[in-house]
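Structure first, then comments.
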Amino acid sequence: MRQHTAIALLLLYLLVNTQLQEIVRIPVLLEHFSEHKQKSQDINFIGFIVLHYFSGDIKDSDYQRDQQLPFRGTHCEEVSISIAIPTDSFEETLPVISYTMAKVGLYVSPFNSSLYQFTIWQPPRA
């Protein structure tokens, strides 16, 4: 149930706040193509797309219908609403972390330690 609700809310968000709402208008594209097909039998779908999307802004007799096609024209139909719902009680205790300070010396001796004398891996000798 939660997964279905999450998917529904995600789709609602995508439809309202992105250009995914243009995909809802694909049936208008198909209907308009069939109208052009009835007027002229020699037009194919690629020619229809080129005519309406790549031939500039042609103002002909069906200009208003052309503006209803997906990804066509400017649409400012976006509304964004944010709602904060306070919870009844929310108390989260953070764990207490204690730190102890240790003194660390910054001086490093330039001489080799005597610990390296009897190991296999010894520092290079001069």
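The values are calculated or read from the model by the stated rules, or taken from the named source; none is laboratory data. Computed from a prediction, not measured in an experiment: that's the story for all the values here. We place every Cβ from the backbone using ideal geometry, glycine too, and count neighbours over all the protein chains shown.
Residue count for region 1-46 under the criterion of being of a type in the set (D, E) and within 27 Å of the chain's Cα centre (by Cα): the result is 1. Which residues, counting only those in region 24-40, are surrounded by fewer than 14 Cβ atoms within 10 Å (Cβ to Cβ) and assigned to a helix (DSSP H, G or I)? The answer is V24, I26, P27, L30, E31, S34, E35, Q38, K39.
For region 1-23, taking the residues that are of a type in the set (A, V, I, L, M, F, W, C) and loosely packed, with under 11 Cβ neighbours inside 10 Å, the one that is nearest to D62 (Cα to Cα) is identified as L12. Within region 48-77, track down each residue that is surrounded by 13 or more Cβ atoms within 10 Å (Cβ to Cβ) and not in a loop (DSSP other than H, G, I, E, B). F48, I49, L51, H52, Y53, R65, D66, listed by residue number. Could you look through region 25-65, keep only residues that are touching a His at 6+ places or on another chain (Cβ under 7 Å) and of a type outside the set (A, V, I, L, M), and pick out the one that is nearest to L15 (Cα to Cα)? Across region 25-65, the extreme among qualifying residues is R65.
Contact annotation: residue pairs with Cβ atoms under 9 Å, 6 or more positions apart or on different chains, pairing a residue in region 91-119 that is at negative phi with a partner that is at pLDDT below 75 and of a type in the set (D, E, K, R), are N112/R125.
The number of residues in region 56-72 that are within 23 Å of the chain's Cα centre (by Cα) and either at pLDDT below 75 or not aromatic (F, W, Y) (or both) comes to 2.
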